[in-house]
Structures are given as structure tokens and as C-alpha cells.
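Following: one structure in C-alpha cells, then a few remarks.
The values are calculated or read from the model by the stated rules, or taken from the named source; none is laboratory data. From a predicted model like this one, the values you see are computed outputs, not experimental measurements. Heads up, the Cβs are rebuilt from the backbone with ideal geometry, glycines too, and the neighbour counts pull from every protein chain shown.
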């Protein structure tokens, strides 16, 4: 009888400890889920993702989204993570970069990974008309010289007249970024709106660039955020013999309203215009140090007016008003103004001379 009782007791203990071990495993298992209400969205609109785990640490902010960012812009704020005794919850937004079918690759939390999610991205729809509109993205060149202008532009074709395109400001380590204004051209029953950014690489070598959103605004309200795909630039250094501050782009110099007949010993004025295509205003050279007087002509300090336009690309301009006085009679020639620049279209050093 004792043997039977002992055997029975061992069976009970074995069963009890087996049950406790299995329960412990299930109690410590991590739950990590991602859900989305919609798997179809239009370009410029987000896909909302809800992340949930029954763990209180580590934070959901530790999840690496790098694998997702090629196809989506991830908009998240770790301050929006909701923590409680039951775990963590976090809602984030993913903006697709292009139309078509895209996949949200598995996200990893601790040792768990989610299943991939397929998203269908349709053309953007105008809020007023309810009609889809065309949008095209373009990069002027990816094989460029140091400080050469690179245009990253969007073109939207729509009947809407009152829309505004606003490129967001961006600060990059080795690339200067300048937002462009909107340029609009008219055709029967439709308009083409163009905007984007001008990029200026300041360091040779490869550059991987991710720009912020181009905002589509109607009646003062942002209806779409268009995030461009990533850009890889291969930047060539300028020839080593060139000075570091040499303008890169295209320069032109014109003399306007030059008086043909001057009274000796009387003050006159010469108007010179220096124009730089693809050259930001701070990089446009100042010609005042190049003006040289002669025994026949006295030059006085020139007044300088500057301007810069950002429609379709960066164009800078210097306007010089140069007072002169002749010291002799007869045919007189203004002293030469010579200026070098690097033309990225030819890959050569160019010389600008006035008079030509």
C-alpha cells in the first residue's frame, strides 16, 4: 500500500511541475503585432500602422525601419507611444514614394518579426474635383561635378489653378539644398505646375540623399505630402589646378546703356549686368575688384544691386552702376573685365571678357 501511495504522489508532483513549466513559457512569450485598416492608398496620403506588444520594454522606438525607407517615408514620434501594464501601443504613418505596388518589409522587435504587408498606391486625387491628376518626378543628372546644380523636380498636371506647391526646407551635411518656387505653364483645360529643389554637392564622392516632402496646398490646407525617392549622386572633383572658389555653372556679362558720346571731364555712368545660371547668389563673384581705371578714364565706386530667382532653377544676377569720367578727348576704350568659370556641360574652364 505504501508503494502505491508513493507512486501516486510522484505522479501528482510530476504533473504539477509539468503544468507550471508550460504556463511559464506561455506567460513569458512576447506578442508583437502590426495592423493596418487599409492596404490601398493614393500617392501623397499615408498608410497608418498600429504597432502593439505586450512587453513594457524595450521601447517600440527601438525598432529599425531602415529596410522600409526605400519605398516609404516613415513619420513617427516616440512621444506618441502609449505605455501601460498591458504593454505598448504606437501609431505611425508611412507615405509611399511612388505609385504602384509596394511591400512593407517585416519589422523586428526582439526575436519576433511581422509578416510583410502589400500596399497598392494609386494616383493622387484632387480634393476639389475628385479627379486623379498626373505627377512626375525627375532628377536632372546624377553624374555631376562639384558644386554643379542638380534639379530635383515634380511636375503636376491638373486643371486646378489655385494650388500651391511648397518644397520643405532641408539641411544636409555635404549638400546645399535650395527650395524652388512654383512655375506654371498653361495649356487648354490643364496646367503644368513645377517645383522642387536645387542641390549643390560640396564634397566629391558618392552621396545618398533623401529629401523631405513637397506639400500640395489648396485653400491654405495641405492635402498631400509627396516624398521623393532616394537619390544617389556621383560627384566628380574639379581639376586640382582650379581655385576653390571658382564659379560652377554658366556666366554671362553684358554692358547696357553705354554712352557712345561723352563730354570730357563730365561724369557718366555704365551699367554692367553679370548673370549666373545655376549659381547661387553667394557664389556669384563680385566684379568691383576687377574694375581698373586708366590714364584716360577715372572710375568711381560702383553701386551694386543683387537678385536671385528660383523658378525652374537658380539664376543669380549682379547689376553694377559704374560712374566714370573721361580725362582725355578722342576714342576711349573701357578697361577689360576678365572672369573665369567652370562650365559643367563641357567640363572645361571658360573665360568671360568684356568688352568681347
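Structural remarks
- Selection of segment 226-247 for residues being in contact with a helix residue (DSSP H, G or I) (Cβ under 9 Å, 6 or more places away or on another chain) and surrounded by 16 or more Cβ atoms within 10 Å (Cβ to Cβ) yields only 247.
- Selection status of residue 311, exposed (fewer than 15 other Cβ atoms within 10 Å of the Cβ), at pLDDT below 95 and under 20 Å from the mean Cα position of the chain (by Cα): yes
- Pairing residues of segment 66-81 that are farther than 15 Å from residue 116 by Cα with residues that are in a loop (DSSP other than H, G, I, E, B), at Cβ distances under 6 Å and at least 6 apart in sequence or on separate chains, gives 73/227; 74/65.
- Here is the figure for segment 139-172: residues that are surrounded by fewer than 19 Cβ atoms within 10 Å (Cβ to Cβ), in contact (Cβ under 8 Å) with a residue 40 or more places away in the chain and either assigned to a strand (DSSP E or B) or in contact with a strand residue (DSSP E or B) (Cβ under 6 Å, 6 or more places away or on another chain) (or both) total 7.
Yes/no per residue for (1) within 16 Å of residue 145 (Cβ to Cβ); (2) at pLDDT 80 or above; (3) surrounded by fewer than 16 Cβ atoms within 10 Å (Cβ to Cβ):
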| site | (1), (2), (3) |
| --- | --- |
| 315 | no, yes, no |
| 330 | no, no, yes |
| 335 | no, no, yes |
| 340 | yes, yes, yes |
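- For segment 55-63, the count of residues that are assigned to a loop (DSSP other than H, G, I, E, B), within 28 Å of the chain's Cα centre (by Cα), at pLDDT 95 or above and under 20 Å from residue 104 (Cβ atoms) is nonzero.
- Per-region count, segment 181-206, residues part of a strand (DSSP E or B), more than 21 Å from the chain's Cα centre (by Cα) and either free of Cβ contacts under 8 Å to residues at least 12 places away in the same chain or loosely packed, with under 13 Cβ neighbours inside 10 Å (or both): 3
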